[in-house]
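Values quoted throughout were computed directly from the atomic coordinates according to the rules given, and no laboratory measurement underlies them. In this text the structure is predicted, and so the values were computed from the model without any measurement. Ideal geometry is used to build each Cβ from the backbone, glycine not excepted, and the neighbour counts take in all protein chains shown.
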């Protein structure tokens, strides 16, 4: 099927809003200082526990810090840790998927057994295991969470390669005498890239969820550096008098994960069209 | 059927052996051994103590001996010993695991009920707009941070309504409310499978016939739509156990319930690697056995499965 613009499904309002939210996140990641004038680390002791207002849309915390400023600056930690997780899953998963689909029946049989084993290992337990072995921190957290998504990328890579390899132009290049790596990097991987990118976006959302959950438990970056899970954990002790410290950042994390899911599914549809 | 059983059980053993190998490789990549890591923060620990404990746990032996030794222990049902307390892994969680099982099983039951509710409503409503909202519910549910949902629920029920004690008091409500929080994300994959079943079943000949004969919609749902997706639903429940375990650990933390969660998190903080490793094996064993049980009962629920899949295992379909 031709991949002209006319063949693309038009993005609906949900997709457009999700794309907008993701753009805002990218901006927060690159230049957080442009979006808030408050310091995320140093509070104003005269402004503790202020309810949400125009000056402080997410209110202030027990140290008088602007909660929105902490969420904006926290984007860096959360997004980089989740990004590391996606990279680990993408790199190792694609490698296993390629080995399974291009190196012959033995490699396929072994890779499929490894995939079965990775399905059986509970991802959350593996992440905690890596954190316990290497100590808490963003790097071990990202790697630990990433191991859990290897299996997703391995399966999609394998399925995509089998699909792309049967296409006429790949068959033609093989008959024309292209070598293994030329076929792989020239035809098969570019053909499979769309599905992998769509999956990476969905997986990034799942990684944000996992990273903030483990950050909430205290296994990410240590305070006072802002990170989404940690921000919510800090509000836990003030449920009775400052509902905004947990509710608003949490709603925000929820929206981000939903937006990444919507966007990833749209990309999946586009690449299949 | 007997061949199917034997082949599935054999596959399960291979899966367990490979998971053991993966975790073993991860430990080998550590810059030092688990005992040194554990005792590093302890000022009173000198090299002699580290060596003694290492020898006790077998970390001083070459890697292939460690590999065989630990595998042998696992085959005998020994999951290792905690570095913090010296207790075996099973002893360590034996006293609290009942609380986790109660929470997890109640949560699983509620999640199945929620999933059935969502798919039944999607099947019964006529308005396409309303159906679109209902069909979107599972992907929303799987995006909710459980720890945050737990906090919000705690805030509403304990601080605003004052009907839930802040710490578990053994009442039914103190089990049901955390279980409901846990059930929300767990229900998402189950509901997705049931919704696909609803969509496909509406095209199936026997469902059309039942409808044409004028059967009541609720009856059509239970007897035809639900029954025909029962196999796929059981399969997905098997693969949801990982989410259930993660959700239970987090929910326990938020609601201050004793259980697997408190033992596990304390072990991670103390860097008690052998204990965490034992708990990883234990939960993997639960997942693998559940997948095996699911594969064995699915052909009984839906005989079409055995004919179409043969001996390759069915849980893969729902995964």
### Task
From other protein chains only, count the Cβ atoms within 10 Å of every residue's Cβ in B:63-70, then give the mean.
0
#### Entry: Inter-probe distance in nm under a simple model that places probes 7 Å from Cα toward Cβ, at residue A:236 and residue A:107
4.6 nm
### Query
Quick one: if the Förster radius is 60 Å, what FRET efficiency do residue B:78 and residue A:169 give, using the C-beta to C-beta distance and rounding to 0.05?
0.60
### Message
Rounded, prolate or oblate, given the Cα gyration tensor of chain B, with a/c below 1.5 counting as rounded?
### Response
oblate
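Compute the Cα gyration tensor for region B:154-278, then decide on rounded, prolate or oblate, letting a ≥ b ≥ c be the square roots of its eigenvalues: rounded whenever a/c is under 1.5, prolate when a/b is larger than b/c in the other cases, and oblate in all that remain.
Judged from the Cα gyration tensor, region B:154-278 comes out oblate (a/c at least 1.5, b/c at or above a/b).
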### Query
Within region B:191-234, what residues put their amide N at less than 15 Å from the label point 7 Å along the Cα-to-Cβ vector of residue B:293?
B:234
### Task
Provide B:148, A:228, A:106 in ascending order of the number of other Cβ atoms located within 10 Å of each residue's Cβ, fewest first.
A:106, B:148, A:228
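Calculate, in nm to one decimal, what residue A:193 and residue A:251 gain on full extension: separation in residues at 0.36 nm each, minus their alpha carbon distance.
17.7 nm
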### Task
Could you work out the mean projected area of the convex hull around the alpha carbons of chain A, in square nanometres to one decimal?
17.1 nm²
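Relative contact order (percent) for region A:1-105, with alpha-carbon contacts under 8 angstrom and 6 or more residues of separation? Provide the component values of the computation, followed by the final result.
Details: 86 pairs, mean separation 21.4, N = 105.
So the answer I get is 20 percent.
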### Task
Please check which bits of region B:81-111 a label hung off residue B:42 would reach, taking the label as a point 7 Å along Cα-to-C-beta and the cut-off as backbone N under 15 Å.
B:81-87
### Message
I want to check the label-to-label distance for residue B:55 and residue B:165. Put each point 7 Å from Cα in the C-beta direction and report it in nm to one decimal.
### Response
5.0 nm
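Partner chain Cβ atoms within 10 Å, averaged over the residues of B:247-259 - can you pull that number for me? Mind dumping the intermediate values first?
On the way: counts 2, 1, 6, 5, 0, 0, 4, 3, 0, 0, 0, 0, 0.
Shielding by partners across B:247-259 averages 2.
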### Message
Once R0 is set to 41 Å, what does the formula 1/(1 + (r/R0)^6) return for the Cβ-Cβ distance between residue A:159 and residue B:101, expressed as a FRET efficiency to the nearest 0.05?
### Response
0.65
### Task
Distance between Cα centroids, region A:215-247 to region B:152-193: provide it in whole Å.
20 Å
## Note on the structure
By the mean-Cβ-within-10 Å protection proxy, highest first, A:115-121, B:135-141 rank as A:115-121, B:135-141
### Task
Determine the shape class of region B:219-292: with a ≥ b ≥ c the square roots of the Cα gyration tensor eigenvalues, call it rounded for a/c under 1.5, and otherwise prolate if a/b is greater than b/c, oblate otherwise.
oblate
### Query
residue B:199 to residue A:14: FRET efficiency via 1/(1 + (r/R0)^6), r the Cβ-Cβ distance, R0 22 Å, to the nearest 0.05?
0.65
#### Entry: Mean separation of Cα contacts under 8 Å, 6 or more apart, over the residue count of chain B: relative contact order %
26 percent
### Task
Take peptides A:16-28, B:253-265 and line them up by average Cβ neighbours within 10 Å, highest first, as a rough protection proxy.
B:253-265, A:16-28
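Would you mind calculating the gained length between residue B:219 and residue B:6 on full extension (0.36 nm times residue separation, minus the Cα-Cα distance), in nm to one decimal?
Extra length available between residue B:219 and residue B:6 comes to 72.9 nm.
Per-residue mean of other chain beta-carbon atoms within 10 angstrom of the beta-carbon, peptide B:268-280?
Mean number of neighbouring Cβ atoms from other chains: 4.
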### Query
Among B:80, B:117, B:150, which one moves the most in a GNM of chain B with springs linking Cα atoms closer than 10 Å?
B:117
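Return a whole-number percent for the relative contact order of chain A, with Cα pairs under 8 Å and 6 or more residues apart as the contact set.
25 percent
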### Summary
With label points set 7 Å from each Cα along the Cα-to-Cβ direction at residue A:269 and residue A:41, the distance between them in nm comes to 4.5 nm
### Query
For a paramagnetic label modelled at 7 Å from the Cα of residue B:24 toward its Cβ, which residues of region B:71-113 fall within the zone defined by backbone nitrogen distances under 20 Å?
B:71-82, B:89
### Summary
Counted neighbours (other Cβ, 10 Å), sorted fewest up, put B:91, B:252 in the order B:91, B:252
### Query
Got a sec? How would A:41, A:263 order by Cβ neighbour count within 10 Å, fewest to most?
A:41, A:263
